[in-house]
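Comments concern the structure below.
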Amino acid sequence: MARRHPAATSAKRRAAPPNPSPTPPAADGSHPLLHAARRGDLRLFKRLVRDLDKGRGRHREVVDAAKEEGLGALHFAAGKGRLRVCRYLVEGLGVDVDAVDDAGRTPLLVALLRGIMDTASYLLDHGADPGKADDEGFAPLHHAATAGDRKMVELLLAKGVSVDPVCVDGTPLYAAAIEGHDEIMQILLENNADCNKKIPGIDTPLLVAITAPSVKCVKLLVEAGADVNDGILAPLVVAAEMKGSTACLKLLLEAGADPNVPDPAMEYDRHDATLLSDRSFCWLCLGDGHEALQDALACREMRPGWPNACYRQGEALMLLKDYGGACDAFLDAAKLDPGSPEIESALWKAMNSLKTSCGATQAV
C-alpha cells in the first residue's frame, strides 16, 4: 500500500474503534472488609467492622481505612451491585459517596463502568456528583453513552451535567458514535451536544461515526449541522476507504461534501495513489465520470501494477459509456488480480454493455 499520512493511518485503526471506557479497577478486594463488601455479605461486613473497631465506636473510620489502590468498600460494593451494602455504607455510616480511588474514580463511575445502572441510580439519588470525572476526564455521561443506556443518559442530563465533558477520547457524542448508539446520539444532540467539537489528536464526531461505521449516526450528525468537509481527513476520503460505507458516502455527498476540498492527507502526500483512488470513487458517486477518470489515470500512473487503479479507471469509463476502454481496463485489473469476483463481475458487465452498444449501432 502507498505510504499513508499519519492521520490516515489513525483513521484506519479507528475502523474497529476501541471501547472508549477506561479499564475497570483491577484490585481484587483481598482485605477482609473489602472482600465482604464485594461479595455483598452485609452480616459478615458488619461483624468485621465491629471486630476491627474494638469497641471504640468509630465504625466509619474503620471502613474508610480499608482501601486497595484507593478503592474503598463503597467502590467494591457499587462495582458488584451490592445495594444492601451500599445502603449501609451511605445511609448507616455516612461514608463519602464521592470518594475517589487512585485513578480519580468515584463509586458512581465504577458502577457505570461495569454497567450496574440500578446501583448508579441509587448513588445519584443519595448525593453522588453526576458530573464528577476521573483523572483522564471520563465523566458519568461518557460511560452511560458508551453503554447505550437511554434512561441513565436522560437522568444525568436531567441533573444538569454538561453534555460535552471532554476526556482523552472525546465527548459523550464521540462515545455514542464509536459504539453506533444512534438513539443516545439523538438525545445528546437534542440537548445541544456540539456536533463539530474538535479535540486535539482526535477526529470529529462525524469521522468517528463514518469509521464505526454507523449510517444512522452519520445521518444524525449531518442533519445536526456537522461540517461534511472538515476533519483530520476529509470525511469523503474516509468514507471511500471504508468497506461497507457506500451509504455514508452518499449521505455526505447529498449534504454537500465536496471532493475538491483540499484534504490534509492529500496535501501531505500528493503522490498517494490510494487517496487518488478514494477520490475517484467519490467522483463516481457524484456521477462525474470525467473527474473520476482523471483521478483514476493519475492513480494508475503512480501505481501501474495496482489492480485497484485499473478497476477505478474501468468504472470511470463505464460511467462515460466507453465500454471498449472499460473492458481493457478491467482486463488489465483481472490480469493483476486473477480470480477477483468483483473484477470478473465488472469485466463481464462491461463486455455485455459493449456487445449491446455495438448491436444497437449496427441496427441503426
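Some values worked out for this structure:
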| item | result |
| --- | --- |
| Condition met for Leu249 (within 22 Å of Ser340 (Cα to Cα), at pLDDT 80 or above and assigned to a helix (DSSP H, G or I)) | no |
| Conditions (1) surrounded by fewer than 21 Cβ atoms within 10 Å (Cβ to Cβ); (2) out of contact with any Asp or Glu (no Cβ under 9 Å at 6 or more places or on another chain): number failed by Leu319 | (2) |
| Subset of segment 195-218 [surrounded by fewer than 19 Cβ atoms within 10 Å (Cβ to Cβ) and touching a Ser or Thr at 6+ places or on another chain (Cβ under 7 Å)] | Asn196, Lys197, Lys198 |
| Residue within segment 179-187 that is crowded, with 20+ Cβ neighbours inside 10 Å, in contact with a Pro (Cβ under 6 Å, 6 or more places away or on another chain) and of a type outside the set (Gly, Ala, Ser) present | no |
| Subset tally (residues that are assigned to a loop (DSSP other than H, G, I, E, B), at pLDDT below 95 and in contact with a helix residue (DSSP H, G or I) (Cβ under 8 Å, 6 or more places away or on another chain)) for segment 29-59 | 1 |
| Of the criteria (1) over 19 Å from the mean Cα position of the chain (by Cα); (2) more than 18 Å from Asp227 (Cα to Cα); (3) surrounded by fewer than 17 Cβ atoms within 10 Å (Cβ to Cβ); (4) in contact (Cβ under 8 Å) with a residue 24 or more places away in the chain, which one Asp125 fails | (4) |
| Test: residue in segment 275-295 that is of a type outside the set (S, T, N, Q), surrounded by fewer than 23 Cβ atoms within 10 Å (Cβ to Cβ), in a helix (DSSP H, G or I) and at pLDDT 90 or above | yes |
| Residue list for segment 192-238, filter: without any contact (Cβ under 8 Å) to a residue 12 or more places away in the chain and either under 14 Å from Ile178 (Cβ atoms) or in a loop (DSSP other than H, G, I, E, B) (or both) | Lys198, Pro200, Gly201 |
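The values are calculated or read from the model by the stated rules, or taken from the named source; none is laboratory data. On a predicted model such as this, the values are computed, not experimentally measured, just so you know. Neighbour counts run over all protein chains shown; Cβ positions are idealised from the backbone, glycine included.
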